[in-house]
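Only the coordinates and a few stated rules stand behind these numbers; no lab work does. All figures in this text were calculated on a predicted structure; none of them were measured in a lab. For neighbour counting, all protein chains shown are included, and Cβ atoms are generated from backbone atoms with ideal geometry for every residue, glycine included.
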Amino acid sequence: MPDLDPKSTFRGLPLTEEQNAEVRHYIKVQKQHGLPWDTPELKAMLRDMLEPPSEDDGDFDDPPDETMGIAERAMTSIDDAMDPIEASEEWHAAMEAESMKGPRR
């Protein structure tokens, strides 16, 4: 794998070999279709490559033990006499209602 230096990457940006290839492929396809290549989409792609989203988006996920508690509480709303489709719908509705309540403290 050749080392990429700023002189060999798109606009001298610190891109990996794969990212550089993706940018060049995007430009090639745009040119083949007679479309402009210096687009907002390319700028967004480069921004994502240079500043990937943080993995701090887990704030909305319940911790595993809390998720188990939510599932167990949701199971109490299901009756054994229900048909499977109705039971599934009830369980999903109960899961949603429980998760909207927020974590138990």
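Quick notes on this structure:
- This ranking places Leu35, Leu46 by how few other beta-carbon atoms lie within 10 Å of each, fewest first, which gives Leu35, Leu46.
- Residue exposure sequence - His33, His92 - by fewest surrounding Cβ within 10 Å: His33, His92
- As a proxy for reagent exposure, Thr76, Thr9 were ordered by neighbouring Cβ count within 10 angstrom, fewest first; the result is Thr76, Thr9.
- Subtracting the Cα-Cα distance of Glu51 and His33 from 0.36 nm times their residue separation leaves 3.6 nm of extension gain.
- Each residue, Arg11 and Asp83, gets one label point 7 Å from its Cα in the Cβ direction; the gap between the two is 5.8 nm.
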